[in-house]
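Engineer: Got a structure for you, written out below as structure tokens; questions coming shortly.
The values are calculated or read from the model by the stated rules, or taken from the named source; none is laboratory data. If you're wondering where the values come from, they're calculated on a predicted model, not measured in any experiment. Ideal geometry is used to build each Cβ from the backbone, glycine not excepted, and the neighbour counts take in all protein chains shown. Note: accessible area is taken over every heavy atom of the protein model, side chains too, but ligands, DNA and RNA are not part of it. Shrake-Rupley method; radii C 1.70, N 1.55, O 1.52, S 1.80 Å.
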Amino acid sequence: MLDLKLIRQNPEEVKNALGQRKPEYIKAIDDILVIDEKKRIIQQKADALKSQRNSLSKSIKSKEEAATIQAQVKNINAEIQLLDQEQANLNESLEALVLYIPNLPGTDTPFGKNETENQEVHAWGNKPILNSPKPHWEIAEALGILDFENTSRLSGSRFSSFIGLGAKLQRALIQFMLDEAIEADYLELSPPVIIQGQILRGTGQLPKFAEDLYHIENTDQYLIPTAEVPLTGFYANGQALNEADLPKKLCAYTPCFRSEAGAAGRDTRGLIRQHQFDKIELVHICKPEESAIEHEKLVKQAESILEKLELPYRRILLCTGDMGFSASKCYDLEVWFPAQNQYREISSCSNCTDFQARRLNLKFKRDNKNELVHTLNGSGLAVGRTWAAIVENYQFENKLGFKIPTVLQDYMKLSEIS
RNA sequence: GGAGAGAUGGCCGAGCGGUUGAAGGCGCAGCAUUGGAAAUGCUGUAUACGGGUAACCGUAUCGAGGGUUCGAAUCCCUCUCUCUCCGCCA
């Protein structure tokens, strides 16, 4: 959520910045300004009447003199009720508008209409030289370590099961990624995967992206699409954080659930796009002036996982038109998939500045005053996609199977699966 | 699921329908005292919205929402959550 005062005081700046995402936001800001103006005028009227009412009520000392004042206050009350109702209505429409406005792109976020205008920052690693790379699902299904067919009868399309050594590899990846995060001073949380709608509004998934979520019927609860939600929301609406405790670095392993509405026909084969997948998530909560540096640290932490797994990847700086709702600046890490002959997203690291903090009421105390924190999140990493990337990049050319990355061999007690 | 108890500021804890945004204590911050500290003393310590260059002023908030009243933390209704006991259960 953007600061209303910022919109009020620098409307042109806000419109310029949001217009870089999509031109339609410019009109929304104009609407907000009009409603905000109306609301303030009404609030001033109502406050003045309430003030009058309070002092009249206080002036009643004896029962004898009460009658005339009572009549007076009753009249005032009728007026107040109308104004309050009007203000409540305006507030509602104002909130409805503001909750649909995304974060302002940072000044170092490049302008661009869509993903074609993202910028590659750097690429790392050597792509494997393979004459005819096989897709991961072919290799894995043939090895009997991954199943789609039986699983689709269990759960429907876009679900899968890991079997035997496949399941063990997934478990090893989770263990490895968590160990790496904890080594880097992250505090591990194991949160619920069912979360209140209020928190999802806070992190920005709601109200705009409700169709992407699995909703628990007859409740205000949802399955999380990412552990960013419970991690970022963990301290919401509670006591302000201590300045000395910042930056807070949290990590969690959780399953993630996405309805993938609107993705029909895309990535229908393999592990790339599933309704349920595992992910290790990293979240930083920090002071405003620290968030740019924390963002670089966060993305490097995610990169270090790929480097230790020796998977070729590149870092992309997203442009204004491709960036997520809550982000001000965002790097995507993309891992190389030989069979598809392309890089695919495996981590998305966002600096959300104070956007989520304002919606979540997430503050810290500095000089005896409450200030909004900045929040950052990134995957470290998406487990299913990492699993698939290992199978494809480490596949043997002359026989069925693949090598286990060196760092995982201790976890697996195994050097290859064939 | 059944029965009961409760929800007040960072925490504990008062609170007759009317100078109660809220006593008192703890904690925290500043100042004094000290060679330094402890102890002590004094002062200050909620949030949001609005108005004002500012000092400051107005309004709202005692779990949430509604109601009664000239006036509600205090009375009434609904909901939510927490705790205790019983039942069930990974």
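Engineer: If you count, for each residue, the other Cβ atoms within 10 Å and average over each peptide, how do A:202-214, A:20-32, A:351-363, A:46-58 line up from highest to lowest? Numbers along the way, then the final one.
Structural biologist: Details: A:202-214: 18.5, A:20-32: 15.3, A:351-363: 23.5, A:46-58: 13.2.
Ranking the peptides A:202-214, A:20-32, A:351-363, A:46-58 by packing returns A:351-363, A:202-214, A:20-32, A:46-58.
Engineer: OK, next. Computing the accessible area with a 1.4 Å probe over protein heavy atoms, can you report the carbon and sulfur percentage for chain A?
Structural biologist: 48 percent
Engineer: Taking amide H positions as placed in the peptide plane 1.01 Å from N, state which residues far from residue A:252 in sequence (5 or more) or on other chains have amide H under 5 Å from it.
Structural biologist: A:189, A:281
Engineer: Now for a separate question. Using per-residue counts of other Cβ atoms within 10 Å, averaged over each peptide, order A:389-399, A:374-384 from highest down.
Structural biologist: A:374-384, A:389-399
Engineer: While we're looking at this one, here's another question. How far, in nm, would the chain grow between residue A:82 and residue A:399 when pulled straight, counting 0.36 nm per residue and subtracting the alpha carbon separation?
Structural biologist: 106.2 nm
Engineer: Put +1 on the Cβ of every Lys and Arg and -1 on every Asp and Glu Cβ in region A:287-355; which of A:326, A:293, A:343 then has its Cα farthest towards the positive end of the dipole?
Structural biologist: A:343
Engineer: Which of A:317, A:109, A:389 sits farthest toward the positive end of the charge dipole of chain A, with +1 on the Cβ of Lys and Arg and -1 on the Cβ of Asp and Glu?
Structural biologist: The listed residue farthest towards the positive side: A:109.
Engineer: Taking the full set of protein chains and a 1.4 angstrom probe, give the accessible area of residue A:266 in square angstrom, rounded to the nearest 10.
Structural biologist: Ignoring ligands and nucleic acids, residue A:266 comes out at about 130 Å².
Engineer: Report the local net charge at residue A:326: Lys and Arg +1, Asp and Glu -1, summed over other residues whose C-beta lies under 13 Å from its C-beta.
Structural biologist: With Lys, Arg at +1 and Asp, Glu at -1, the neighbours total +4.
Engineer: Can you return the aspartates and glutamates within cross-link range of residue A:399? Criterion is Cα-Cα under 18 Å, with same-chain partners fewer than 8 residues away left out.
Structural biologist: Correct list for residue A:399: A:138, A:141, A:416.
Engineer: Got a sec? What order do A:215, A:295, A:275 fall in by accessible area at 1.4 Å, biggest, i.e. largest, first?
Structural biologist: A:215, A:275, A:295
Engineer: Something else: In what order, largest first, do A:412, A:1 sit by accessible area if the probe radius is 1.4 Å?
Structural biologist: These residues rank, largest area first, as A:1, A:412.
Engineer: Based on DSSP, what percent of beta bridges with both residues in region A:115-417 are antiparallel, to the nearest 5?
Structural biologist: Values: 51 of 56 bridges.
The answer is about 90 percent antiparallel.
Engineer: List the aspartates and glutamates whose Cα lies under 20 Å from the Cα of residue A:39, skipping any in the same chain that are fewer than 8 positions away.
Structural biologist: Cα-Cα hits under 20 Å: A:3, A:30, A:31, A:47, A:79, A:84, A:86, A:92, A:95.
Engineer: Additional query: So, with +1 on the Cβ of K and R and -1 on the Cβ of D and E, and no other charges, what is the size of the charge dipole of region A:24-115 about its Cα centre, to the nearest 20 debye?
Structural biologist: In total the dipole reaches around 660 debye.
Engineer: May I ask you to derive the relative contact order of region A:4-98, considering only C-alpha pairs under 8 Å and at least 6 residues apart, and to give it as an integer percent?
Structural biologist: On the way: 49 pairs, mean separation 31.8, N = 95.
Relative contact order of region A:4-98: 33 percent.
Engineer: Count charges around residue A:241 for me, please; just the other residues with Cβ under 11 Å from its Cβ, Lys/Arg as +1, Asp/Glu as -1.
Structural biologist: Numbers: positive: A:248, A:287, A:363, A:365, A:366; negative: A:243, A:245, A:371.
Once positives and negatives cancel, what remains is +2.
Engineer: Roughly how tilted is helix A:24-59, in degrees to the nearest 10 and between 0 and 90, from the longest Cα axis of chain A?
Structural biologist: The helix A:24-59 is inclined about 40 degrees to chain A.
Engineer: Magnitude of the Cβ-charge dipole of chain A, K/R +1 and D/E -1, about the Cα centre, nearest 20 debye?
Structural biologist: Magnitude of the dipole: close to 740 debye.
Engineer: When only C-alpha pairs under 8 Å and at least 6 residues apart count, what is the relative contact order of region A:313-375, in percent?
Structural biologist: 26 percent
Engineer: Calculate one ³J(HN,Hα) per residue across region A:101-113 by plugging θ = phi - 60° into the Karplus curve 6.51 cos²θ - 1.76 cosθ + 1.60, and present them in order as whole Hz with x for glycine and proline.
Structural biologist: 8, x, 5, 6, x, x, 5, 9, 8, x, 6, x, 7
Engineer: Let me ask another. Sorted by accessible area with a 1.4 angstrom probe, largest first, how do A:73, A:193 fall?
Structural biologist: A:193, A:73
Engineer: For the pairs A:45/A:369; A:127/A:329; A:5/A:365; A:308/A:413; A:113/A:248, note any where the Cα-Cα span goes beyond 25 Å. Don't skip to the end; give the middle numbers.
Structural biologist: Numbers: A:45/A:369 30 Å; A:127/A:329 28 Å; A:5/A:365 21 Å; A:308/A:413 17 Å; A:113/A:248 34 Å.
Among A:45/A:369; A:127/A:329; A:5/A:365; A:308/A:413; A:113/A:248, the Cα-Cα distance tops 25 Å for A:45/A:369; A:127/A:329; A:113/A:248.
Engineer: At a threshold of 8 angstrom on Cα-Cα distance, excluding pairs fewer than six apart, so keeping six or more, what relative contact order does region A:300-412 reach in percent?
Structural biologist: The normalised contact order for region A:300-412 reaches 23 percent.
Engineer: Rank A:139, A:76, A:174 by mean-square fluctuation in a GNM of chain A with C-alpha springs under 10 angstrom and give only the top-ranked residue.
Structural biologist: For chain A, modelled as a Gaussian network with Cα springs under 10 Å, the answer is A:76.
Engineer: Multiplying the sequence separation of residue A:188 and residue A:371 by 0.36 nm and subtracting their Cα-Cα distance, what value in nm do you get?
Structural biologist: Going from the current span to full extension adds 63.3 nm.
Engineer: So, one more: Can you spot the aspartates and glutamates whose alpha carbon is less than 13 Å from residue A:134's alpha carbon? Ignore those fewer than 8 places along the same chain.
Structural biologist: Straight-distance partners of residue A:134: A:392, A:397.
Engineer: If you stretched the chain out fully between residue A:41 and residue A:268, how much longer would it get, using 0.36 nm times the residue separation minus the C-alpha to C-alpha distance?
Structural biologist: Working: separation 227, 0.36 × 227 = 81.72 nm, distance 5.45 nm.
The span from residue A:41 to residue A:268 would gain 76.3 nm if fully extended.
Engineer: Taking the Cα atoms only, what angle lies between the long axis of helix A:383-393 and the longest principal axis of chain A, rounded to 10 degrees?
Structural biologist: The angle comes out at about 30 degrees.
Engineer: Per residue, how much accessible area does region A:4-98 have with a 1.4 Å probe, in Å²? Before the final figure, lay out the partial values.
Structural biologist: Details: 6310 Å² over 95 residues.
Roughly 66 Å² per residue, with all protein chains present.
Engineer: Okay, next question. Work through the residues other than residue A:99 whose Cβ is under 15 Å from its Cβ and net out their charges, Lys, Arg +1 and Asp, Glu -1.
Structural biologist: -1
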